Amino acid sequence: MTRWLDSPPVLGILLSIPAIVILGGLLAYPLLLGVWLSLTNTTLGSAGQFVGLSNYLAIAQDPTYRGAVFYSLFYTFFAEVGKLALGLTLALIVNQRFRGYRTARALMLLPYVAPTVLSALAWLWLFDPQFSAISWLLTKMGLIHEYINFIGAPWPARISLIVVNIWRGLPYFAIGYLAGLQAIPHELHEAAQIDGASGWEAFRRITWPLLLPITTILVSFSSIFTLTDFQLIWTITRGGPTDATQVFTTLAYQKAITGGQLGEGAAIAISPVVLMVIFAWFVMRSVREERSVE
Amino acid sequence: MTRTARFFRIGLPLTLYGIFLLLPFYWMLVTTFKERQELLVSPNPFLIYHWTLEHVVGLLTQTRYLHWFGNTLLIALGATLLSVSVSYITAYAIIRLRFPGSKPFGTAIFLCYIVPPAILFIPLGEVLVKLGWFDKLWALIPIYATFLVPFCTWLLIGFLKSIPRELEEAGRVDGASNLLVMRKIILPISVPGLITAAIFSFTLSWNEYLYALVYMSSPDNKTVSVGMTSELISGDVFQWGQLMAGALIGVLPAIVVYFFFVEYYVAGMAGSLKD
Amino acid sequence: MPHLRRRRFLELSAASAAATAIPEAARAAAEASPWKPEKGASLQLLRWSEFVKNDHVIWEENTKKFTQLTGVPVQIQWLSWPDVSPKSALSAQTNSGPDITMGFYNDPFLYPDKLVDVSDLASHLSHKYGGFASVAKTYAYHEGEKRWIGIPIGVPGNAMNFRRDWMEQAGFQSFPDDTEGMLKLAQAMKKQGHPTGFTLGHAVGDGNGWTHWIFWGHGAKQVNPDNSPAINSEATLASIDYVQRLYETMIDGVASWGDPSNNQAFLAGRIGLTMNGISIWYVAKDQYPQIAAAMDHAIPGYGPLRVRTTFNTFTQAFIWKYSKYPNAAKEYIRFMLDEAQAAPWVDGMRGYVTPALQGYWKLPIWTSDKKITPFRDVLVGQRFDGFNGTPGKGAAQTMDSFVLVDMYADVCINKMTPKAAVQKAENRIAGFYKG
């Protein structure tokens, strides 16, 4: 009996049961319910009927939804680019040894660690058109003459939210890249130095290619989170001004929860899954490449 | 490196990053210790002219902050423990035991990662009600596991792959069972990977808001984020001092954890990237 | 500030002293009440967090009295008000949660089938306390099913908040009682360096409050009685023209304003006129005494339509059908709105909540300070948000998607032509009301 239990196939399946139970019951099953919901005309408190893809067709014609698609993608793209560039640079800096490097590494993680709702409130105050400390400082320095309208007009609001997203997610990239950098064998760099390669050349030809797998992983994981960001946007702009910063989740929430249109709300929420499957495909491809190397 | 070169390569960029990353925390700090009037009218918003402990004291005595803090800690630790253990045995099963169907299973787990919570909360709520888990504080532990297990499993798969097979085979020669090998040989080597997964899980559970808001209803079951937003925002009056004080105190446990474990965290991530 | 802490202490101890003594009238009313709590009943109430501290303190104390008298324990869950609707949505969908919810606006009309008929309680309260304000019925009575699905509680009222000192400097002796007059005042104050501030952002209370008032005041309406869009009208364009002129007098950045923003700007002396609840004055009395002395309130003025067209955040209590103790729930609501409990509650809030029961407009608090009086009258002339249609999903979505606020913001901030903005609003309204 114990022998049978210890055989890899049996033990393997046994050990997988907890994950199957948790993910199957609390994730896959509700997700299927959600998909079903999106194919019905369910409203809050009353069961709906199957209506096929008509919710999807309806949202596709809705200008607010199209605006949300645009901003979701815009937000995700620029936030990812920003996090990648700034996170990598920060990792390169703290990868060096200097006095207090450990403190620096711990402190740089703060934005990632702070409860998002509360740090978003701090940003809300920093973006205030009247009381912004940032505007105050820039005015004193003579760089601007009137307070910046951070979140009171469509484009500034869109950009401000991206900045906050970068702020929060940058540490995740920095720590990931730091790990990536430490996984690179020292000998490679030494070899490059012997060859007389400049710092930039060494980075381009050795470091960056070796960081590609972690880049794919960081970007795709983070894109999934960014694309479905809710708390930050909801706290700071609630999708405003004039729906300029509406994204999939805020719109779905508005539709389903405050408006009671569960079916249509579910369709809005499910629609980005296609995009996420694409991101996921990138991750799996990179994981598979690692396997083939192995 | 000369001092100037060092300044340009480390000092200056680090200062700029510091300003960007820590500005909101500085803001929380001054807001916490400044008198209310100063928040709106002050010659220099970055300075504190009249110090006060009123907000911190108010937070600790007029609200149930410590209770919320305890709840959050309990949930975060529970979810971390559950997710890391489940992920570890799952990753071990997928990578080391290679049972039939292990590859598609790994892919399936990964796909779970792409399901955003904001989609799920109505249908998941129905499931919870059927299970009778509604408004049970501990129910948040398995709920959080749904978004923690996929990432942790992925991370640990990478980590376990980097452990040479020979180690295990040596154990097997001694006649040890798979379970024993997993516990006695692989587990100790996996510690950096486990710590990485644990820190990740702890951080995300500590910050979660939506599920804690909608699935818990008794005042006893509030977490820090939910408690603060529900009791320190009175209509259109924000208790800025207390809100920011709570945010700062709320960051503390994570800071402590990171300060001591950041090197492990990096090492663990690095380990899971090596092949 | 030791005096503050001392005052709080006094308030708290006064309240707890009251808890031990249940007024005879309350006891008698409870005994005479037709709703007897079920055996072994216990209740959960979901309530929006207080806007002012005393609301919380006195509500809890009254609840304690209820438990003392009836033996029914009541657990109150306080939630910040925008968080109430996701919880209610989940309750409706899963048939579980609190027994009673205090929600807003169209909430009960999103899931009327899930709510207990409270017609008996509504008529009891209405008879006893001078009837409900006219808008209250729209927010609690289901026309189609001919039954009350909620008990109107009242509104945190919106009135004009202005700086009397600056108004006088600008050459006005009293606050104008029409919107054109107010605009002239706003322009004069702006010339003196004191701008106004009305939010054009997605602020649940403040954004909707002032835009609906101006919109209706010009004779505009979003839908017809059959819920077909009616927004595309000259009246709407006239209201946009007004808002554009008013926007000229506003401080920068109003499109980013949330509900707290105008409070903060007013308390900091940055604006001289806004529309808000009594919270600015309430906070000012404790923390900014000079502002409290210099400011005053007025009822929102007449638009060209020449009838009162106010709009306030309406709240009502509803009982869920899944509740095992509907009679206890009814008795609880009755008890809380009974004079012995409601009077000290309304008084203690210093005018923050204007009750829907008109009998409570006679309480001494409303005339105790002239600055409170305007808030007594804000329910007179209040319309239902989906005027001139019926409550339900269309109205709920129109307001929750900030259609009116966005229409004005589109013109003021996004430089859209008024016609295009109206067209956009009309399309959105048509989408929300269909099906």
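Read the figures in this text as sums done on the coordinates, not as results from a lab. None of the values given here were measured: they were computed from a predicted structure. In this analysis, Cβ positions are derived from the backbone assuming ideal geometry, glycine residues included, and neighbour counts consider all displayed protein chains.
Averaging the Cα positions of each part gives two centres, and for segment C:162-201 and segment A:242-260 these lie 35 Å apart. Backbone amide hydrogens, once placed in the peptide plane, bring C:W148 within less than 5 Å of C:V118, C:S119, C:H142, excluding anything fewer than 5 places away on its chain. Per residue of B:238-246, other chain Cβ atoms within 10 Å of the residue Cβ number 3 on average. Taking A:A85, A:A280, A:A191 in turn, the Gaussian network model of chain A (Cα-Cα springs below 10 Å) assigns the largest fluctuation to A:A191.
Taking Cα centre as origin and charging only the Cβ of basic (Lys, Arg, +1) and acidic (Asp, Glu, -1) residues, the dipole magnitude of chain A rounds to 360 debye. Distance from the alpha carbon centroid of segment B:240-275 to that of segment C:16-70 works out to 45 angstrom. Once backbone amide H atoms are built at 1.01 Å from N, C:V223 has C:A230, C:N388, C:G389 as its partners under 5 Å, excluding neighbours fewer than 5 places away on the same chain.
Inverting the pair-averaged 1/r between distinct Cα atoms of segment B:85-163 gives 13.8 Å as its Kirkwood hydrodynamic radius.
With neighbours defined as other Cβ atoms within 10 Å of a residue's Cβ, the residues C:H297, C:H202, C:H142 order from fewest to most as C:H142, C:H297, C:H202.
Inter-label distance, C:N388 to C:K370: 3.8 nm, where each label sits 7 Å from its Cα along the C-beta direction. Remark: mean inter-chain Cβ contacts per residue of A:146-153 equal 5, using a 10 Å Cβ-Cβ cutoff to other protein chain atoms. Put simply, when C:311-321, C:158-168 are sorted by average Cβ atoms within 10 angstrom per residue, most first, you get C:311-321, C:158-168. Among C:D99, A:D243, B:D174, a tally of other beta-carbon atoms within 10 Å of each Cβ gives an order, fewest to most, of B:D174, C:D99, A:D243. Partner shielding of A:214-221 amounts to 2, given as the average count of beta-carbon atoms from other chains within 10 Å of each residue beta-carbon. When the label point is put 7 Å from the Cα of C:Q68 along its Cα-to-beta-carbon vector, which residues of segment C:28-47 have a backbone N closer than 16 Å? Hits in segment C:28-47 for C:Q68 at 16 Å: C:28-31. What number comes out for the charge environment of A:L178, summing +1 per Lys or Arg and -1 per Asp or Glu over other residues with Cβ under 11 Å away? Summing Lys and Arg as +1 and Asp and Glu as -1 gives 0. In nm, to one decimal, how far is the modelled label at A:A47 from the one at C:E180, with both set 7 Å along Cα→Cβ? About 5.9 nm, to one decimal.
Footprinting exposure proxy ranking of A:T139, B:T4, fewest other C-beta atoms within 10 angstrom first, gives B:T4, A:T139.
Please report the net charge: other residues with Cβ closer than 14 Å to the Cβ of C:G131, K and R +1, D and E -1.
Local charge sum for C:G131: +3.
Dipole of segment A:24-169, Cα-centred, from +1 at each Lys and Arg C-beta and -1 at each Asp and Glu C-beta, to the nearest 20 debye?
700
The orientation-averaged shadow of the Cα convex hull for chain B, equal to a quarter of the hull surface, comes to 20.7 nm². Our coupling estimate for segment C:178-183, obtained by passing each phi through the Karplus curve with A = 6.51, B = -1.76, C = 1.60 and θ = phi - 60°, is 9, 5, 5, x, 5, 4 Hz, Gly and Pro reported as x.
Once the convex hull of all Cα atoms in the protein assembly as shown is built, its volume per residue stands at 176 Å³. Evaluate segment C:105-155: find the radius of gyration of its Cα atoms, find its Kirkwood radius, and give the ratio Rg to Rh. With Rh from the inverse mean 1/r over Cα pairs, Rg/Rh is 0.94. Projecting the Cα atoms of C:F109, B:A79, A:N165 onto the charge dipole of the protein assembly as shown, computed from C-beta unit charges around the Cα centre, puts B:A79 farthest toward the positive end.
The charge dipole of the protein assembly as shown, taken about its Cα centre with unit charges on the Cβ atoms of Lys, Arg (+1), Asp and Glu (-1) only, comes to about 1000 debye. When the listed pairs C:K64/C:K362; C:K285/C:K371; C:K221/C:K424; C:K36/C:K87 are checked against a 19 Å cut-off, the alpha-carbon distance exceeds it for C:K64/C:K362; C:K36/C:K87.
For the Cα trace of segment A:63-293, dividing Rg by the Kirkwood Rh returns an Rg/Rh value of 1.04.
To check you understand DSSP bridge types, tell me what percent of the beta bridges within the protein assembly as shown (both residues inside) are antiparallel, rounded to 5. Percentage antiparallel, nearest 5: 70.
Relative to the longest principal axis of the Cα atoms of chain C, helix C:2-20 runs at roughly 40 degrees. Taking Lys and Arg as +1 and Asp and Glu as -1, the other residues whose beta-carbon sits under 14 Å from that of B:F69 total 0. For chain C, the Kirkwood estimate of hydrodynamic radius, built from reciprocal distances between every pair of different alpha carbons, is 22.4 Å.
Remark: spin-label model distance A:F282-A:I206 equals 2.7 nm, labels positioned 7 Å along the Cα→Cβ axis.
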